[in-house]
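Engineer: Sharing a structure with you now.
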Amino acid sequence: MSMETVGRERPASDDVPPPLQQYVVTTETHLNAPAVVVRADEVAGALEVAREELDYDHCACVTAQAYNDRYETIYHLRKYDDPTDELSVVVPTPRDAPESQSAADVYRTAEWHEREAYDLVGVPYENHPDLRRILLPETWQGHPLDPEYDPESPQVVPYRRHENPLQEHHEEGDTMLVNVGPHHPATHGVLHLAVTLDGESVAHVDPDIGYIHRCEEQMCQQGTYRHQIMPYPDRWDWGGGGILNEWAYARTAESLVDIEVPDYAQVVRTMAAELSRILSHFLAIGTYALDIVGEFTAAFQYAIRDRELAQDLLEDLTGQRLMFNYFRLGGVAWDLPTPREEFFEKVREFVDGLPEKLTEYRNLLTSNELFQVRTVGVGELPPERAKAYGCTGPVARGSGVDYDLRRDDPYGYYEELDWDIVTDDGCDNFARVAVRLGEIAESAKIVDQCIDLLESWPEDDRTVQANVPRTLKPDPDTEIYRAVEAAKGELGIYIRADGTEKPARFKIRGPSFSNLQALPAMAEGEYVPDLIATIGSLDTIMGEVDR
């Protein structure tokens, strides 16, 4: 099959923007965006045009997949100013010559995404700055998502001496390699950092991930759309963002098979999602207090106390405290707990008490001189660099990037409610904490409005779930990428259907993956304690990074 005829194509149309036409071999249609197919040796040129002339400045995700006759890489492009304006750039390569041009020089965030594609699928990227495995050990044999991969092949991982990556570049003075992690407390998860020190300064940081790679995407590919996938998203972010993860899958699958969610269920979803966001942010703030000022007796315990109050509400609603499994395609599993008045009273008591508590957190932390010394001007991430790495969520908004999918790519009931996006142009560790504190207040406003709506909702119109067929079989070769604003940023899912009740490809875009990739740019040149402070400010969750 030639490069000109590969895939589900139609002749290139006049709808292709003129600057891009010279690169487009043919076009496809994805449900979320137009898709253009480009040659593997012209990827960088096509993406440069898309970024510089068409303003697609956000490479949200890169999906690689293997067909029986070819490999394929998809660059999911969006705009920070308007994420509903999307473009998929599809790059097929034949199985006997799979090499494709790297996009890392155009979108810095593509560097890690392409490493993952090489690691798991086996697509080599020409001119990639650091093409090596990222989730599996470097000595691993074969690529697990390649149809020709033999899962029974032996894997021998020999011990190799740690090498200082900068030793040959320092003609004067000494550098030293220090391993930080993968013990949990210092790195917020099983994250290993190979840190090269020049004296007390951080000269180089190499994040080493993959310690809890659990094949979540492959498990979702083995489950049915209707019943078996929904329990998995909670496990990507056990820090409290499970409801938000469930919504990412629900939104993608519902768009894939054209399911309309009843308004009542949308309000319930919105309330539950914002309680989940509060859970996540309280954990981030409390643990960060431990990182920065060792504040256990007040800030950390206060944060856990308030997190428990939100968790009690979600337990009343879902029956679970961690792995909620509350969303269903078309709505939610069940209605609010009864007696409803008692539940409303508990929620109102919680949200009404938050403003005074947030003032206490600001007095203890952001007004604390020691906290300010450790965070102000530390871990700086300018807005253009944040965009280059594909950062989203509080990390991007703490760099002044006004990007939030709840407003910019509306879903749920957010458009009908009164709330604000919280941004801070400090671009440092302090700004990211300030954004999370502000977002807790905004989430409380959203929850309060949802309670008002639910309380007055007509009893005969409380439909919690649409009428969804027991078996869902989307049309073959239907492709879609959808995302929601999770606690840590843009959580996206790409699905390719093959006409069966299970996805042919299920790709997770975890926000922590791209946010963590920016760590070296934020930490190099600073001191070791600053590195620890910057790690904590990212609020990564490694289950979402490794998947």
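The values are calculated or read from the model by the stated rules, or taken from the named source; none is laboratory data. Keep in mind it's a predicted model, so treat the numbers as computed, not measured. With ideal geometry, Cβ positions are generated from the backbone for all residues, glycine too; neighbour counts draw on all protein chains shown. The protein model used for the area step is the full one, side chains on, heavy atoms only, and it has no ligands, DNA or RNA in it. Shrake-Rupley method; radii C 1.70, N 1.55, O 1.52, S 1.80 Å.
Engineer: Hey, among Y75, Y56, which residue is of a type in the set (F, W, Y) and in a strand (DSSP E or B)?
Structural biologist: Every option except Y75 fails the conditions.
Engineer: Hey, any hits in region 37-47 for a residue that's open to solvent by 10 Å² or more (accessible area, probe 1.4 Å) and closer than 21 Å to D82 by Cα?
Structural biologist: No, every residue in region 37-47 fails to be open to solvent by 10 Å² or more (accessible area, probe 1.4 Å) and closer than 21 Å to D82 by Cα.
Engineer: If you take the residues of region 424-459 that are in contact (Cβ under 8 Å) with a residue 12 or more places away in the chain and assigned to a loop (DSSP other than H, G, I, E, B), which of them is most open to solvent (accessible area, probe 1.4 Å)?
Structural biologist: Per the stated criteria, the residue is D425.
Engineer: What are the residues in region 406-423 that are in a helix (DSSP H, G or I) and surrounded by 16 or more Cβ atoms within 10 Å (Cβ to Cβ), if any?
Structural biologist: Within region 406-423, R406, D408, Y414 qualify.
Engineer: State yes or no: is R470 touching a strand residue (DSSP E or B) at 6+ places or on another chain (Cβ under 8 Å), of a type in the set (D, E, K, R), in contact (Cβ under 8 Å) with a residue 24 or more places away in the chain and more than 30 Å from T366 (Cβ to Cβ)? Can you show your working first?
Structural biologist: Values: touching a strand residue (DSSP E or B) at 6+ places or on another chain (Cβ under 8 Å): no; of a type in the set (D, E, K, R): yes; in contact (Cβ under 8 Å) with a residue 24 or more places away in the chain: yes; more than 30 Å from T366 (Cβ to Cβ): yes.
Spelling it out, it is not the case that R470 is touching a strand residue (DSSP E or B) at 6+ places or on another chain (Cβ under 8 Å), of a type in the set (D, E, K, R), in contact (Cβ under 8 Å) with a residue 24 or more places away in the chain and more than 30 Å from T366 (Cβ to Cβ).
Engineer: Could you grab me the full set of residues in region 460-500 that are part of a strand (DSSP E or B), within 27 Å of I74 (Cβ to Cβ) and of a type outside the set (A, V, I, L, M, F, W, C)?
Structural biologist: Hits for region 460-500 are E479, Y481, R482, E485, G489, E490, G492, Y494, R496.
Engineer: Answer yes or no: is there a residue in region 287-297 that is within 19 Å of V464 (Cβ to Cβ), hydrophobic (A, V, I, L, M, F, W, C), touching a Lys or Arg at 6+ places or on another chain (Cβ under 7 Å) and open to solvent by less than 30 Å² (accessible area, probe 1.4 Å).
Structural biologist: No, that holds for no residue.
Engineer: So, one more: Would you please name the residue that is modelled with the lowest pLDDT, looking only at residues in region 95-123 that are farther than 18 Å from K507 by Cβ and among the small types (G, A, S)?
Structural biologist: A97
Engineer: Just one of the numbered conditions (1) touching a residue at least 12 places away in the same chain (Cβ under 8 Å); (2) open to solvent by 10 Å² or more (accessible area, probe 1.4 Å); (3) among the small types (G, A, S) is not true of A97; which one?
Structural biologist: (1)
Engineer: In the set D335, D402, which member is touching a residue at least 12 places away in the same chain (Cβ under 8 Å), open to solvent by 70 Å² or more (accessible area, probe 1.4 Å) and not in a helix (DSSP H, G or I)? Let's see the steps before the verdict.
Structural biologist: Working: D335 fails: open to solvent by 70 Å² or more (accessible area, probe 1.4 Å).
That would be D402, the only listed residue that is touching a residue at least 12 places away in the same chain (Cβ under 8 Å), open to solvent by 70 Å² or more (accessible area, probe 1.4 Å) and not in a helix (DSSP H, G or I).
Engineer: Look through A303, A253, A248 and report the one residue that is farther than 23 Å from I508 by Cα, small (G, A, S), modelled with pLDDT of 90 or more and open to solvent by less than 10 Å² (accessible area, probe 1.4 Å).
Structural biologist: One residue alone meets the criteria, A303.
Engineer: On to the next question. I need a count of the residues in region 230-264 that are more than 30 Å from W457 (Cα to Cα) and touching a Phe, Trp or Tyr at 6+ places or on another chain (Cβ under 6 Å).
Structural biologist: So the answer is 0.
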